[in-house]
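Comments concern the structure below.
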Amino acid sequence: MQTLAHVACPKCHRALPDEILEHHSEPRACPFCDSSLYTRVYPRLRKQSGGLANPAAALSGDGDAVCRFYPELKAETVCDECGCFLSQKAAVSWGGRDLCMPCLHILRETRGKDEFLAKRTLYDNIALGLILFLSPLSLFTAPIALYYLIRYRNSSRGIVPRSKFRWWLALILSVGFALAWLFLLVLWIAAIVDSVA
């Protein structure tokens with residue numbers, strides 16, 4: 001048997017009976033507040049009995065705590081960051097915590113907490129790429145790679161756990177290239193000094 005999902009009156013927020021929703025050819029009056037209603041039932045509004053949970057159950061009543069973002073809905077959880085009351089419609093579950101959208105935005109964009117970031121810059125990969133793919137220009141790229149490795153040595157290495165092998169490899173290669181270029185520069189300067197003298 002198919003039943004209609006509960007739809008609330010926009011004025012009094014009470015669930016409308018199915019007979020009002022089924023007769024949508026002409027405006028009807030809400031049985032609770034007498035406001036004029038015109039409803040149109042789309043197929044998606046119909047559901048199998050025993051299907052989804054009743055959304056009207058989340059409507060707030062007298063004396064209920066209400067959601068901060070949807071005052072017509074009952075508060076069912078609390079934001080773990082700021083403590084505001086949230087309905088299931090407004091709550092976001094992320095990493096085992098219930099958060100409101102403003103707190104999630106602050107944690108991701110402003111504070112840059114690792115567990116809330118959608119993407120991460122892998123500085124060890126950047127340094128390794130500078131050394132390996134631009135090795136003919138390593139006179140310039142080796143110091144830049146060293147800067148990235150030292151400056152961002154404690155940054156997150158990604159969502160997936162990774163070893164520090166790439167970091168150490170990039171460090172050894174960049175120091176090796178920098179020392180090789182320094183040795184070549186010293187030899188070149190020594191050759192110039194010998195030819196002048």
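The values are calculated or read from the model by the stated rules, or taken from the named source; none is laboratory data. What you see is a predicted model; the values in this text were computed from it and never measured. Counting neighbours? That spans all protein chains shown, and the Cβs are built from the backbone with ideal geometry, glycine included.
Restricting to region 71-89, name every residue that is within 21 Å of the chain's Cα centre (by Cα) and acidic (Asp, Glu).
ASP80, GLU81
Name the single residue, out of those in region 72-93 being in contact with an Asp or Glu (Cβ under 8 Å, 6 or more places away or on another chain) and of a type outside the set (A, V, I, L, M), that is nearest to ASP62 (Cα to Cα).
Residues of region 72-93 that are in contact with an Asp or Glu (Cβ under 8 Å, 6 or more places away or on another chain), as a first pass: 74-75, 77-80, 86-88, 91-92.
Checking the rest, the ones that are also of a type outside the set (A, V, I, L, M) come to 74, 77, 79-80, 87-88.
Values: LYS74: 10, THR77: 18, CYS79: 22, ASP80: 25, SER87: 16, GLN88: 19 Å.
Filtering region 72-93 for residues that are in contact with an Asp or Glu (Cβ under 8 Å, 6 or more places away or on another chain) and of a type outside the set (A, V, I, L, M), the one nearest to ASP62 (Cα to Cα) comes out as LYS74.
Tell me whether region 134-151 contains one or more residues that are at pLDDT below 85 and buried (at least 16 other Cβ atoms within 10 Å of the Cβ).
Yes - at least one qualifying residue is present in region 134-151.
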